[in-house]
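Shown next, in structure tokens, is the structure this report addresses.
The values are calculated or read from the model by the stated rules, or taken from the named source; none is laboratory data. As the structure is a computational prediction, the values presented were derived from the model and not from experiment. Cβ placement follows ideal geometry from the backbone for every residue including glycine, while neighbour counts extend to all protein chains displayed. The protein model used for the area step is the full one, side chains on, heavy atoms only, and it has no ligands, DNA or RNA in it. Shrake-Rupley method; radii C 1.70, N 1.55, O 1.52, S 1.80 Å.
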Amino acid sequence: MSFSPVIVGGLEIRSAEFVTAAVSLKGLPKERLPQIAFLGRSNVGKSSLLNTLMGQKKLVKVSAIPGKTREINFFKVNNQFFLVDLPGVGFAKVNNAKRDQMADFIREYVEKCQDLRGLVYLVDIRHGGTPIDIETVESIRETGCPVLVIASKRDKVNQSELAKNLKLIQERFGLDAKPICVSSLKKTGLDTLWKEILDAINGKELVD
Ligand SMILES: Nc1nc2c(ncn2[C@@H]2O[C@H](COP(=O)(O)OP(=O)(O)O)[C@@H](O)[C@H]2O)c(=O)[nH]1
Ligand SMILES: [Mg+2]
């Protein structure tokens, strides 16, 4: 299948492909390349952001049913690194046992995957971070994995809400600066985010 290169946020995407879906650590890709994972509550816009970053429309399935993604999905970009779509945290409509099991799987992946360079945690700009978000980010930080908290769905708020909620997110998550805010719909904030991701892939720590 041919692939038309596309430039997204200053990065040339020469190839982007789905590689595998893992339901346990045994299913991680065999190929040793740096990985950057994306996490956040269900419906926060992870899959849409991954598509947008890779200049794709449908490579990552955008689901209408919250919590539908049960696996860790790996996408290989430019044959150089993986972007990883993790299952949504704290999703509704599944029983608690299922939810905890998924949280364990994410934790295990974060703790044990040696190729994971950092994790991008999405927070809906409208909500500014819920207790589940704060708890999750804290527990990931505890594992020593660098976390970059970003805000999603920039197009859903006006300027004053934006300023207010960026400040709120900065305070709630104890960030040094205001978070990057992206919109997959309007394709904004992608250059700054790609820069952070590439820095992390190249060995610079991914921190807010
Ligand atoms: N307005 C707007 N909607 C978005 C944006 N990103 C995602 N969405 C919508 O939010 C819903 C959930 O998105 P999805 O990417 O599946 O979220 P995920 O569950 O975190 O993977 C879908 O209906 C998307 O179309 C955005 O930047 N702006
Ligand atoms: Mg998704």
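Residues are listed down the side, and each one gets a yes or a no for (1) open to solvent by 20 Å² or more (accessible area, probe 1.4 Å); (2) at pLDDT below 95:
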{"residue": "SER2", "(1), (2)": "yes, yes"}
{"residue": "VAL8", "(1), (2)": "no, yes"}
{"residue": "ALA22", "(1), (2)": "no, yes"}
{"residue": "GLU31", "(1), (2)": "yes, no"}
{"residue": "PHE38", "(1), (2)": "no, no"}
{"residue": "ASN43", "(1), (2)": "yes, yes"}
{"residue": "GLY55", "(1), (2)": "yes, no"}
{"residue": "VAL60", "(1), (2)": "no, yes"}
Can you find a residue in region 122-142 that is under 21 Å from SER47 (Cβ atoms), open to solvent by 20 Å² or more (accessible area, probe 1.4 Å) and either away from ligand 1 (no atom under 14 Å from the Cβ) or polar (S, T, N, Q) (or both)?
-> yes
Open to solvent by 30 Å² or more (accessible area, probe 1.4 Å), under 16 Å from the mean Cα position of the chain (by Cα) and in contact (Cβ under 8 Å) with a residue 60 or more places away in the chain - does that describe any residue in region 154-177?
-> no
Taking ASN165, is it farther than 28 Å from ILE201 by Cα, modelled with pLDDT of 95 or more, among the polar types (S, T, N, Q) and in contact with a Lys or Arg (Cβ under 9 Å, 6 or more places away or on another chain)?
-> yes
Can you pull out the strands (runs of 3 or more DSSP E) entirely within region 11-89 that have at least 3 residues that are within 16 Å of ligand 1 (Cβ to nearest atom) and under 18 Å from ILE140 (Cβ atoms)?
-> 35-40, 81-85
